[in-house]
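Below is one structure, written out as structure tokens; the observations come after it.
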Amino acid sequence: MTFSIADAMRRVRASRPLVHHITNYVTVNDCANATICAGGSPVMTDAAEDVVDMAGIASSIVLNIGTLNERTVASMIAAGKRANERGIPVILDPVGVGATGYRTEVAGRILREVRVSIVKGNTGEIGILAGTGGEVKGVDSAGGSGDPAEAVRTLARRLGCVVAMTGETDYASDGDRTFSVRNGDVLMEAVSGTGCMTASVVGCYAAVCDDLLTGTVAAMAVLSVAGEIAAAGAKGPGSFRVGLLDALHGLDPQVAENAANVSVL
Amino acid sequence: MTFSIADAMRRVRASRPLVHHITNYVTVNDCANATICAGGSPVMTDAAEDVVDMAGIASSIVLNIGTLNERTVASMIAAGKRANERGIPVILDPVGVGATGYRTEVAGRILREVRVSIVKGNTGEIGILAGTGGEVKGVDSAGGSGDPAEAVRTLARRLGCVVAMTGETDYASDGDRTFSVRNGDVLMEAVSGTGCMTASVVGCYAAVCDDLLTGTVAAMAVLSVAGEIAAAGAKGPGSFRVGLLDALHGLDPQVAENAANVSVL
Amino acid sequence: MTFSIADAMRRVRASRPLVHHITNYVTVNDCANATICAGGSPVMTDAAEDVVDMAGIASSIVLNIGTLNERTVASMIAAGKRANERGIPVILDPVGVGATGYRTEVAGRILREVRVSIVKGNTGEIGILAGTGGEVKGVDSAGGSGDPAEAVRTLARRLGCVVAMTGETDYASDGDRTFSVRNGDVLMEAVSGTGCMTASVVGCYAAVCDDLLTGTVAAMAVLSVAGEIAAAGAKGPGSFRVGLLDALHGLDPQVAENAANVSVL
């Protein structure tokens, strides 16, 4: 690897970036706690009167359309524009894109009106956005994206941003360089919100890493390594989720670096 | 018993039904995770622009008025009508009915405008709807429903649907047949949202069981047996909730069948 | 001490006060479970059509501006006025005041239009409201309040209510008497929502204690002692949160009384 996961971890923990989320009400608490355990400071606010000011002091923003509505979509766009003015990273999690027309329309609207830095989705979502395959059932991936490296590379080129795809193996590309991360555990699929938590951790790392692609890869590796540690002590999805926060919080940077199974494709 | 809980469990896990919730923001995460651990795929969305499409691909829908407002109540009715067109089950959880005039009015409005398949409430809520007694304090049951079997039977006959009532003993009736389920643990009362989780699990089972009454009974038995297992390893409500998800996810169908204490009344 | 924490605990558990919350969607589930584990009965509702009736049967109300918007702020004021008519305690948690203009404006609006009984904030928030110092980063305290006893005393005198400030040491004052509570654990800062949970527990105690100041001190001591017990068995923030609910629920009144490190300043 040409970058250090341990260094990125230390940078996040040292600077404690403020990550402003406009996100769904299902997994929002997990996003807040994942942000804290990764080393950041989370804030969630979605009122038109509040989001521009909050994006004005944040270090990055995360837009997640899991439980979208017209009021919060307008706030996402307003916050995104403010983030663009300031040059801070904007992470988009296009939850359930392709499952309904409204989700597809909103994801497209955000991508047109806001300069998104990183799109993070599951296999089905990225496959649909890339046009390489993919199926979404509600908000779960229900089908492959075709060749996964091709999916992230194609979409990254088209959008001109970093694209990250979570799954049994994670992938990320900026259209030029493409990485895979082979860490994690099958229990991550049995907890609602591990995908959303990934976007939160990416938000922490994007805030402090000049290279957004390797920052994204580091974030995915860190959460997945924490997932492996948590899985070893878990009796099921409930205790896995508890252990995931414990492991993320306590993770030693060098241990993460050594355990990360990252490849350049 | 004239039906197999183990078979119902296996059917849910094999078909992974998409359960669309329009629900409260207090316990929504527990509902999502309970749905996953029961074997379903949860999706939560409440925007007018989204709910009809989502109800159009769901296998069942759960309407929960815990934190109702005019926007989401309109979405509940729109989603319910779409579910009725498609013939998929609609589960109503009339949280806090009787505690305020608005809750009572909204529960009545949904029951008039949507053909509800299953009403699931606590003792106070069902007693109030049945007119057999019952008191509700906020969203908690604060008083009996009179004779419980009579309460569910009466309400089921009046509404022409299945009625399920949770409590120390659970009851369910379609107006003709009536069952009791004597499982569970007192710790279920010490966690916010076990009632909401029951509706989610009922949503999974209703999606795959032709007989909605025995599907409902199976769902209540499965969650209550998981509750017994979780209680055995819990130090209090916090660890009980964690263990409940673990136990629900790992529950062996034959163990559930053997442990279920279901009676025909 | 001139009051008994053990007696206050027993009173809460015996009367099971209904605590109506209008609060944020990030930590609302923790607030509900903390209320139950402290001995109260939580209800969360924010619709204009519902809040006045609910405040009409509640024993106290908690207003938390963590994820405020115009609709819910209007409901907070309507519920607050109803609570004032009935003479039940109103607890305000001015989350993130000072971080954005909107939060500062809304906190001021609530304090003008509602007779607030207890303001509970973190060090930064209380320092800002008191004008003695303080900095807020998103919703986290990012800087001291100057002399903490002076901050709570000053603000309590100006507002004519009880003011509570959480931090490594907690402080509370009614402008005349001032207390400190030296309990808790550093892990409380690593979980989103422990401040919100404090407001919920204060809501339980305020509902049953004639002296709101010592009721507030008792509530802060009880949660912090539970935090010490939880920390002893925790591996990180995830298991700490689980253990906090277990410990709060199982806490023996005499143990709490003995462990509480409360001083009159």
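The values are calculated or read from the model by the stated rules, or taken from the named source; none is laboratory data. Every value quoted in this text rests on a predicted model; they were computed, and no experiment measured them. When we count neighbours, we look across all protein chains shown, and the Cβ atoms used for this are built from the backbone with ideal geometry, even at glycine.
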Taking the stretch C:174-183 and keeping only residues that are touching a strand residue (DSSP E or B) at 6+ places or on another chain (Cβ under 6 Å) and either of a type outside the set (S, T, N, Q) or more than 11 Å from residue C:220 (Cβ to Cβ) (or both), one is left with C:174, C:179, C:181
Residue within the stretch B:146-166 that is closer than 19 Å to residue B:200 by Cα, touching a Pro at 6+ places or on another chain (Cβ under 9 Å) and either modelled with pLDDT under 95 or of a type in the set (S, T, N, Q) (or both) present:
no
What number of residues within the stretch B:71-120 are within 14 Å of chain C (Cβ to nearest Cβ) and either touching a Phe, Trp or Tyr at 6+ places or on another chain (Cβ under 9 Å) or at positive phi (or both)?
2
What's the number of the only condition in (1) more than 13 Å from chain C (Cβ to nearest Cβ); (2) of a type in the set (S, T, N, Q); (3) under 30 Å from residue C:141 (Cα atoms); (4) over 14 Å from the mean Cα position of the chain (by Cα) that residue A:29 fails to meet?
(1)
Given the criteria within 14 Å of chain C (Cβ to nearest Cβ) and at pLDDT 95 or above, does residue A:41 qualify?
yes
Of the numbered conditions (1) within 15 Å of the chain's Cα centre (by Cα); (2) at the interface with chain A (Cβ under 10 Å from one of its Cβ atoms), residue B:246 satisfies every one except a single condition; which is it?
(1)
Matching option when the condition is touching a residue at least 12 places away in the same chain (Cβ under 8 Å) and within 13 Å of chain A (Cβ to nearest Cβ), among B:259, B:230, B:199:
B:230
Screening B:189, B:168 for residues that are acidic (Asp, Glu) and in a helix (DSSP H, G or I) leaves only B:189
Run down B:124, B:39 and say which single residue is farther than 30 Å from residue C:59 by Cβ, touching a residue at least 24 places away in the same chain (Cβ under 8 Å) and of a type outside the set (A, V, I, L, M).
B:39
